[in-house]
Amino acid sequence: MRKLLALALYVFIGLPATLGTLFLVPIRGWVLDRDFYKAVVSGPEARAVLEAPALYDRFEETIRAGDSLTLSGPATGKALKASLPVPELLAAAGSAVDSAFDALERGGDANRFTVDLVPLRTALAKGVPEFARVYAAEVPVAASGAPAVVPARPEPGVPLDLSVRPASVPESEFRAAIRSALAEAVAAIPDSAQPPMPEPGPGNAFLADARSTRDALNKAALWMSLLAGGIWVAGAFVASDSAAKRLRWLGGTLLAPGIVVLTAGAVLRLAADPLVLRVIQDPELQRALADPALAVVRDWIRRPLWTVSTGFLVSGSVAVILGGGLSASRRALRYRDF
């Protein structure tokens, strides 16, 4: 009866709390780490991606630029390669991360997760003139029977087709048209993005006194670890009066979740590339990322996955080593008693 009660406590409370602790403790180290996200979006790997020539050579014949423009894919690739303001874009991405974390760190005063988009809009606007110049020079020229004017803006919801230049339209006029259309699209970017914060949940009152989101996460990790540890030790004493059997219980009940977390970390590390390709639904993008020439893009996507997997590997390894050590101590104690 005692073992059954201990097993029930472990299965319904102890095991979920232990798994939650082993997963939450490493996640806590990076999920609210400002520098982690800034390194991802504006670090050397991000710069290498934006400067990779192969990235701009794999556009389709025609592409949609948002909901307002249809452009020539090859001409767009050449124009982006020549005009993309890489330093400004990286700085804008880092600024967006800073603005988001500034909002989070305001704690109870922040009712919105705000991302400042003004630096990004400014960086994109800087590259518009050069993009228009290169694009107008590289865009395919339509047949002689095509319209003799640049297409006018169609009905709302229908993209403006600038994927070809009418043969009778001078390059300078077409360049002005593409520059105007792009400037309008960039100007439409709002000053900030403000998705709503999550609705208050059951734990809102429990975490209400936290000064910031980071403090709330630390508090949750602390209380979950205390719950897991209390049930873990209490279960050993409920299950048996024997010291050897208690050690066996402690070792086994820690070894099992440790193996789960360690396996999750190993799978995430080994299957990073297949997981990325599986999450991406666009077949064209999947084929592009599978190209060896775009290894720099895969490395950039893989980096945060490896950071997450490293945390799980460390957490799971500690649990497995401690659980194995307790099990070995139980055997040593039995031999001593014998």
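The values are calculated or read from the model by the stated rules, or taken from the named source; none is laboratory data. This is a predicted model, so every value here is computed, not measured. Reconstructed Cβ throughout: ideal geometry from the backbone, glycine too, with neighbour counts over all protein chains shown.
Every condition in (1) within 37 Å of the chain's Cα centre (by Cα); (2) more than 23 Å from PRO119 (Cβ to Cβ); (3) modelled with pLDDT of 85 or more holds for VAL158 except the one numbered (3). Looking across the range 120-143, just one residue is hydroxyl-bearing (Ser, Thr, Tyr) and more than 19 Å from ASP57 (Cα to Cα), and that is THR122.
Considering (1) at pLDDT 85 or above; (2) touching a helix residue (DSSP H, G or I) at 6+ places or on another chain (Cβ under 6 Å), the lone condition that SER68 does not fulfil carries the number (1).
What do you reckon, is ARG64 in a helix (DSSP H, G or I), more than 17 Å from ARG175 (Cα to Cα) and in the same structural domain as VAL164 (by TED's automatic domain parsing)?
Details: in a helix (DSSP H, G or I): no; more than 17 Å from ARG175 (Cα to Cα): yes; in the same structural domain as VAL164 (by TED's automatic domain parsing): yes.
Criteria not met by ARG64.
Output the residue which, of all residues in the range 260-282 that are loosely packed, with under 13 Cβ neighbours inside 10 Å and assigned to a helix (DSSP H, G or I), is modelled with the lowest pLDDT.
If we filter the range 260-282 for residues that are loosely packed, with under 13 Cβ neighbours inside 10 Å, which is where we start, we get 270, 274, 278-279, 281-282.
In the following step, the residues that additionally are assigned to a helix (DSSP H, G or I) were identified as 270, 274, 278-279.
Details: LEU270: 79, PRO274: 68, ARG278: 61, VAL279: 57.
Only one residue tops the list, namely VAL279.
Every test in (1) assigned by TED's automatic domain parsing to the domain that holds SER317; (2) in a strand (DSSP E or B) is passed by VAL25 save one, and that test is (2).
Only one residue in LYS81, LYS3, LYS38 is basic (Lys, Arg), closer than 16 Å to VAL296 by Cβ and touching a helix residue (DSSP H, G or I) at 6+ places or on another chain (Cβ under 6 Å), so which one is that?
Numbers: LYS3 fails: closer than 16 Å to VAL296 by Cβ; LYS38 fails: closer than 16 Å to VAL296 by Cβ.
Selected residue: LYS81, the only one of LYS81, LYS3, LYS38 that is basic (Lys, Arg), closer than 16 Å to VAL296 by Cβ and touching a helix residue (DSSP H, G or I) at 6+ places or on another chain (Cβ under 6 Å).
Can you tell me which residue within the range 283-338, out of those that are modelled with pLDDT of 75 or more and among the polar types (S, T, N, Q), is farthest from ALA244 (Cα to Cα)? Full working, then the answer.
First, the residues of the range 283-338 that are modelled with pLDDT of 75 or more: 294-329.
Within this subset, residues satisfying the condition of being among the polar types (S, T, N, Q) are 307, 309-310, 315, 317, 327, 329.
Details: THR307: 38, SER309: 34, THR310: 33, SER315: 26, SER317: 23, SER327: 9, SER329: 8 Å.
Within the range 283-338, the match that is farthest from ALA244 (Cα to Cα) is THR307.
For the range 235-259, give me each residue that is among the polar types (S, T, N, Q) and at pLDDT 85 or above.
Of the residues in the range 235-259, the ones among the polar types (S, T, N, Q) are 240, 242, 253.
Of everything in the range 235-259, just one residue is among the polar types (S, T, N, Q) and at pLDDT 85 or above, namely THR253.
Taken together, the residues in the range 63-85 that are surrounded by fewer than 16 Cβ atoms within 10 Å (Cβ to Cβ) and more than 17 Å from VAL134 (Cβ to Cβ) amount to 3.
When the range 175-210 is filtered for residues that are in contact with a strand residue (DSSP E or B) (Cβ under 9 Å, 6 or more places away or on another chain), at pLDDT 85 or above and more than 16 Å from SER83 (Cβ to Cβ), only ALA177 remains.
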